[in-house]
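No lab work stands behind these numbers, since they all come straight from the coordinates. Not measured: the values here are computed from a predicted model. Ideal geometry is used to build each Cβ from the backbone, glycine not excepted, and the neighbour counts take in all protein chains shown.
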Amino acid sequence: MKQPRIVGISGNAKRPSKTRALVCTVAERVSQKCGFAVDIFDLADLGPSVETTRDEASAETKRVLEAIESADALIVGTPVYKGAYAGLLKHLFDLIEPLALKDRPILLTAVGGGQRHSLIIEHHLRPLFGFFEALTIPTGIYASEGDFTNGTVSEPGVNARIDHAVRQLGAILGNEAFRGS
């Protein structure tokens, strides 16, 4: 049985980034607990903008799009901007073919300034990936600025949610019924 290919996408436009730190933490736990390797990309690698169409995309953007479309599962993270996900992250996914993520497990994460943004996963990210008919993991992970210490997730409740979501992702990926669809 082949190892699942997992891709992490972080919607940060600059570094250092708490969003990237959260996506990396989730990816590390996926590797530790499930034994799956994770490739991580972030918007900061694509420059200040993403091209208008896929045909106009740079070689780097095309490489990220192909990685997203060929992954067995995704870990997606976004910073919260004005109560919603990052516009450039949405634009990146606008370049994905509508059925390319059908039935694909996706673990959703977000980082905001405080608890008032905690429903971004339910109100913004799940509907976005619902359009793609993706299989979003039931447990989303939201962290606020205060949940980090020196760029590392330090809040016990957030760490518990990470572990729970990683177990859910591992269970789905371990089930042959969800592979290769």
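Summary of computed values
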read-out: Loop-located GluC sites (Glu not before Pro) in segment 1-79 whose Cβ has at most 16 other Cβ within 10 Å (DSSP); value: GLU51, GLU56
read-out: Helix-only mean residue ellipticity at 222 nm for the chain, each DSSP H run of n ≥ 4 adding -39500 (n - 2.57), per residue, nearest 500; value: -10500 deg cm²/dmol
read-out: Cα convex hull of segment 6-178 - mean projected area over all directions, nm²; value: 9.2 nm²
read-out: Simple label model, 7 Å out from Cα along Cβ direction - GLU51 to LYS82, nm; value: 2.7 nm
